[in-house]
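The values are calculated or read from the model by the stated rules, or taken from the named source; none is laboratory data. This structure is a prediction, so every number in the text was calculated from the model and none was measured. Cβ atoms come from the backbone with ideal geometry, glycine included; neighbour counts cover every protein chain shown. Areas reflect the complete protein model, heavy atoms only, side chains present, ligands, DNA and RNA absent. Shrake-Rupley method; radii C 1.70, N 1.55, O 1.52, S 1.80 Å.
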Amino acid sequence: MRRRRVDPAAGARAGALPEAIAALSRSLPSGPRPEIFRRAKFDRPEATSALWQLLFRVLSPLPAGNALASIALEVQARLVKSALCSQGYPRLALAQLPEDGSQGSRELLLALSWLLARGPVPEQMLAQTRVPLGDEMTVCQCEALASLVPPAPHMEAEGPVDVRHVQWLMGKLRFRWRQLVSSQQEQCALLSKIHLYTRGCHSDQNLGHLSVTEAEMLRDPEGGQKLLRTLERESRRLEAVLAWRRAEPVFWQWMDTVLGTCAPEAPAAASQPTFLPWVPECGDGELELVVRELQTLEEELREAVERRRVAWEAKARGCGRGPEWSAARRASRETVEKELGALQRCWEQESGPAPAHGPHRLVRREDGAAGDRDLRAAELIRTLRSQEACLEAVLRQLQGQCRQELARLAGALPGLIWILPPGR
Amino acid sequence: MLPADCSRRLVAELQGALDACAQRQLQLEQSLRVCRRLLQAWEPPGTWTWEPPPEPETNEEDPLPACTPSPQDLKELEFLTQALEKAVRVRRGITKAGERNKAPSLKSRSIVTSPGTTASTPPQSPGQAGGHASDTRPTKGLRQTTVPAKGRPERQLPSVRDRTRAGIGARAPRPGAGLRNQHMAPSAAPQAPEAFTLKEKGHLLRLPAAFRKAASQNSSLWVQLSSMQTSDSMDAAAAKTQFLQNIQTASGGSQPRLSAAEVEAEARRLRKACSLLRLRVREELSAAPMDWMQEYRCLLTLEGLQAMVGQCLQRLQELRAAVAERPPLPCPVGRPPRASPSCGGRAEPTWSPQLLVYSSTQELQTLAALKLRVAVLDQQIHLEKVLMAELLPLVSAAQPEGPSWLTLCRAAHSLLCEGGARVLTILRDESVD
């Protein structure tokens, strides 16, 4: 279907747009055919369901699988609306679209473009399904023990529970931690052995030895064939993403024309349609915890500062008022301001000089030599040790706080002897 | 008994932590299975046994009976053997000298079946290896050669079908060889091939060429992608910003509503602020100033920290108010991973993985153990805060008379002060009465 493209601006080569759209559709997982995009510009109904499904794939945090494919279109549409809404998507028309896929392809195209403009969507989707060829370890702690899949709702414990049940759960958790430690130690030992035994095998001198994935591929050629095919598919997608990036500007010009064909929306009425959230629990409790912590801190500080200010004023009255005195005071003020400013920047800045997110490939080298961009285990260990010390201090401090509080509450009751467990 | 909503929250938190650990344990166990299997002796593919069982996969030929080759087979074997011997003679003459020095390379499965030989099996000279092997173990060598002789030397990973065909082809010469060199037959007979273990022969492995090519192409594409990311073309970036603005102005939702994601991000930032501030306060309060200058600085720092705490609280209250009056848009899809406060923040993700170099098993284990410890501490601290928020009010509100209060106290003390590890004992002091 050859449609005459309207070029609003000069500089767009004829044929660049179809290329761009084709690259885009190749770079997205199960991307729709390029025609869908063109039909969506004219709000054709047949393009709608493909776009719902694409948006669902893009917005879903779960890796693609059979479970996702079997979700009905209506459910997918509803979840897409909810997700877009939670990301702050401004267009109201989307929220009002029917969920049966009968109309609205132009709005869906706009939504897709909005997502594409906000972040590197094709790259992120590729990174999600990347084939890890090496043995990888993540450096940052973001998802160390976070549950990636929403937990299955637990039917029990809907009513009040005994506190001993809580104690039991805690004991179970401690056991699981110990189990994790021992399993991980074993896994590291085995991994290290495999790296050691296969040294000198890898074609890439930089790496030097095989990873578990590569060794497994040699042991099981069928699996190896599969790996090879996946790798090649990924390379094709990568090429498509690179082509898309090069051809992008044309696409945005075209999207501006698509937006132009829509009528501007009226400002919203007071009430917005509410959606069922994908996951019922919202992170509201977190705010409460932080507020409480800060309030406790504020109290503590208020007392301490008052006390010290009074003591200081008394002392300062005794000393002289010479110019060096005020100069010294000014110097101190400046130093303190600088320090506190640096402290504030620690949390204000979103991205500090932190080590790169994402996984790193483990490489065993007897001499431990590493290039510029490589990380050394020894350095990481140092960083982690200081983090550990920091966290232990925080935990001890919290526990101390609780001890004081409980002692105060329990001390109110005479006639009881509290025998604390033997110290560490 | 704890009140219902409190129970629900506590159980939900603990169950969430338990689930996260279970998931990680599952991942570890899967990885362990694979690693253990790799370190054991690798099983030969299919059913490479010396006693020829009827091959179920093939339907091309009748399963060969145990050691009674048909006359037609024998004739074919004769031809094959002669051809191979001729090839051996030719090859041996050409490359006898340099053969010993070639590094052994594992190109196909066949090495699994004849690991004892150090003969190289370059695809171009199938007979060569056969020739070599025929000095020592003719049957194995022949089997080895039939695979490349199949005419697919580049095929690094033969399919099952190929293997079984090769298997049939290989089994056929065996009785023939046995007929030829009777004295060899007993040694060639059911002698399980030496198992391949990574420990002994791991350094002989080589990655197949097709894979190497694909992997290098893949990694160079990722590198290209990273470099393109950092140098995003100006017009593309400008076009995107323009588009976003246009969509905003053309849309009805004029006031940007706080999305749950943004609330979460702000809360995270403030949480980090809180822990940093608290640590700093601790430091200052515990420091013993030596002279008036230090004392002054300490005082100023504390006052500054007080101001910052006040600012953070104010922002939090504003956030809470905004959230309360217009409920935040529903949570984003799935549960966003709770970024731990120890994490440095959102650095730009590099698309191609960098290397992490370690030098010994000990070091790797220490690294992994520390990572896990930090994650567990994160979890513990979070749980501690939740437990404090839930249990301390209960203890202070409950009536001290009932026996359940003692249970509660004991449990609270154990959970809050000992991390659930130890429990204290409470004795009734009878002397008071």
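Scanning the range A:14-48 for residues being part of a helix (DSSP H, G or I) and not hydroxyl-bearing (Ser, Thr, Tyr) gives a total of 21. Cβ separations smaller than 9 Å between residues 6+ apart or across chains give the following pairs from the range A:286-302 residues that are open to solvent by 70 Å² or more (accessible area, probe 1.4 Å) to residues that are charged (D, E, K, R): A:Arg292/B:Lys385. When the test is whether a residue is hydrophobic (A, V, I, L, M, F, W, C) and touching a Cys at 6+ places or on another chain (Cβ under 8 Å), A:Leu207 does not pass it.
Annotation note: Cβ proximity below 9 Å between a residue of the range A:195-208 that is closer than 12 Å to B:Leu355 by Cβ and among the hydrophobic types (A, V, I, L, M, F, W, C) and a residue that is open to solvent by less than 60 Å² (accessible area, probe 1.4 Å) and not in a loop (DSSP other than H, G, I, E, B) (sequence gap 6+ or interchain) occurs for A:Leu207/A:Arg361; A:Leu207/A:Val363; A:Leu207/B:Leu355.
The set of residues from the range A:250-285 being open to solvent by 30 Å² or more (accessible area, probe 1.4 Å), at pLDDT 60 or above and among the β-branched types (Val, Ile, Thr) comprises just one member, A:Thr261.
Here A:Ala215 does not fit the description of being surrounded by fewer than 21 Cβ atoms within 10 Å (Cβ to Cβ) and outside any loop (DSSP other than H, G, I, E, B). Counting the residues of the range A:368-388 that are open to solvent by 80 Å² or more (accessible area, probe 1.4 Å), at the interface with chain B (Cβ under 7 Å from one of its Cβ atoms) and modelled with pLDDT under 90 gives 2.
Let's see how each residue does on (1) open to solvent by less than 20 Å² (accessible area, probe 1.4 Å); (2) acidic (Asp, Glu); (3) modelled with pLDDT under 85:
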site: B:Ser219; (1), (2), (3): no, no, no
site: B:Val223; (1), (2), (3): no, no, no
site: B:Thr230; (1), (2), (3): no, no, yes
site: B:Asp235; (1), (2), (3): no, yes, yes
site: B:Lys240; (1), (2), (3): no, no, no
site: B:Phe243; (1), (2), (3): yes, no, no
site: B:Ser254; (1), (2), (3): no, no, yes
site: B:Arg257; (1), (2), (3): no, no, yes
site: B:Ala260; (1), (2), (3): yes, no, yes
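Being at pLDDT 55 or above, surrounded by fewer than 19 Cβ atoms within 10 Å (Cβ to Cβ) and at the interface with chain A (Cβ under 8 Å from one of its Cβ atoms) holds for only one residue in B:Glu264, B:Glu325, B:Glu303, and it is B:Glu303. Residues in the range A:174-207 that are more than 31 Å from the chain's Cα centre (by Cα) and open to solvent by less than 20 Å² (accessible area, probe 1.4 Å): A:Ile194, A:Thr198, A:Cys201. Take the range A:398-419 and flag every residue that is open to solvent by 20 Å² or more (accessible area, probe 1.4 Å), assigned to a helix (DSSP H, G or I) and within 7 Å of chain B (Cβ to nearest Cβ). Result: A:Arg403, A:Glu405, A:Leu409.
Within the range B:181-211, the set of residues being over 25 Å from B:Gln40 (Cα atoms) and either at pLDDT 85 or above or in contact with a Leu (Cβ under 9 Å, 6 or more places away or on another chain) (or both) comprises B:Ala185, B:Ala209, B:Ala210.
If the condition is being open to solvent by less than 30 Å² (accessible area, probe 1.4 Å) and more than 7 Å from chain A (Cβ to nearest Cβ), then the range B:274-297 contributes only B:Glu284.
Listed by first and then second residue, the pairs with beta-carbon distance under 6 Å, at least 6 apart or on different chains, first residue in the range B:2-19 and more than 21 Å from A:Arg178 (Cα to Cα) and within 7 Å of another protein chain (Cβ to nearest Cβ), second of a type outside the set (Gly, Ala, Ser) and in a helix (DSSP H, G or I), are B:Leu2/A:Val163; B:Leu10/A:Val166; B:Leu10/B:Glu390. Just name the residue that is modelled with the highest pLDDT out of those in the range A:197-221 that are more than 7 Å from chain B (Cβ to nearest Cβ) and touching a Ser or Thr at 6+ places or on another chain (Cβ under 8 Å). So, considering only residues that are more than 7 Å from chain B (Cβ to nearest Cβ) and touching a Ser or Thr at 6+ places or on another chain (Cβ under 8 Å), the one modelled with the highest pLDDT is A:His209.
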